[in-house]
1. Be a star and scan the range 47-61 for residues whose amide nitrogen sits under 16 Å from the point 7 Å along the Cα-to-Cβ vector of R7.
2. Under the classification rounded if a/c is under 1.5, otherwise prolate if a/b is larger than b/c and oblate if not, where does the range 10-73 fall, given a ≥ b ≥ c as square roots of the Cα gyration tensor eigenvalues?
3. Charges only on Cβ, +1 for Lys and Arg, -1 for Asp and Glu: so what's the dipole of the range 10-73 about the Cα centre, in debye to the nearest 20?
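Only the coordinates and a few stated rules stand behind these numbers; no lab work does. Computed from a prediction, not measured in an experiment: that's the story for all the values here. Backbone-built Cβ (ideal geometry, glycine too); neighbour counts: all protein chains shown.
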Amino acid sequence: MEMLLIRHGLPVHKVNSDGTPADPPLSRLGREQARLVEEWLAEEGIDRIYSSPMLRARETAEPLARMMNIEVEPPRLFLDAGYASVSRFLAAGTGPHSISSLNEVAHLRAFQRAAS
């Protein structure tokens, strides 16, 4: 088994005034990045695509999934723990760098669990 981890494309800059996590769509550049991922992986034998429920992640995964004629699946981490619980856990870090690091670890664990 081979696993590819692909970060989402560039999202539109969005900050919620109440401090809650934003869920912006991809920017024009982000949509182009998603198209390039689709083009790059066009000849690969992709069996499954997992994506977090965040809009930018889904929008990055969807072009490839459409081309491969497969569904984008949420990692079991989000299904088991509930997305809101996972988001609160990730937001408990000490700043953007810790959230990013925790987010990467959470995604890696989710992919590992989903693949097993």
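1. From the range 47-61, the list is 52, 56-58, 60-61.
2. Note, shape of the range 10-73 comes out oblate.
3. For this selection, approximately 300 debye.
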